[in-house]
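Student: First the structure, which I've put down as C-alpha cells, then a few questions once you've had a look.
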C-alpha cells in the first residue's frame, strides 16, 4: 500500500516524480530514479528538457535538491549529468537480489 503522504508531482506532457518525506531532516529531495531517451531522439535536448522540467516541478514544490544515480561505467550518462551542472556525490548504493 502506498502511504497517503506521498504526493505526485505532475503536469500534462511533463515527466512525473514522487515526493517522499525525508527521515533524517525536514527537507525534501527529488530523486530521479531513471532517465532514458530513445536513441533516435538523443542529442536533441530531450533529456535536458526532461531534467529541467523535473527540477522546475520540484522547485515549485519547495524542493531545492535533486539527485539521480548513474552507473560509473556509463560515461555517456556521467558526461550528460555533468553538462547539466550536476556534481558527483560519494554515495554507495546497495542492491539486493531475490533470495
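Student: Can you sort 74, 34 by how many other beta carbons sit within 10 Å, fewest first? If you can, show how the numbers build up before the last one.
Tutor: Working: 74 12, 34 7.
Ranked by crowding around the Cβ, least crowded first: 34, 74.
Student: I would also like to ask the following. Need one number: nm distance between label points at residue 99 and residue 65, each 7 Å from Cα along Cα→Cβ, rounded to one decimal.
Tutor: So the two model labels end up 3.2 nm from each other.
Student: What distance in nm lies between label points placed 7 Å from Cα along the C-beta direction at residue 38 and residue 53?
Tutor: It works out to 1.5 nm between the two label points.
Student: Take 51, 65, 37 and order them by how many other Cβ atoms sit within 10 Å, fewest up front.
Tutor: With the fewest neighbours first, 51, 65, 37 line up as 65, 37, 51.
Each value in this text was obtained by applying a stated rule to the coordinates, not by laboratory testing. Since we're looking at a predicted model, the values are computed, not measured. Cβ: placed from backbone, ideal geometry, glycine included. Neighbour counts: every protein chain shown.
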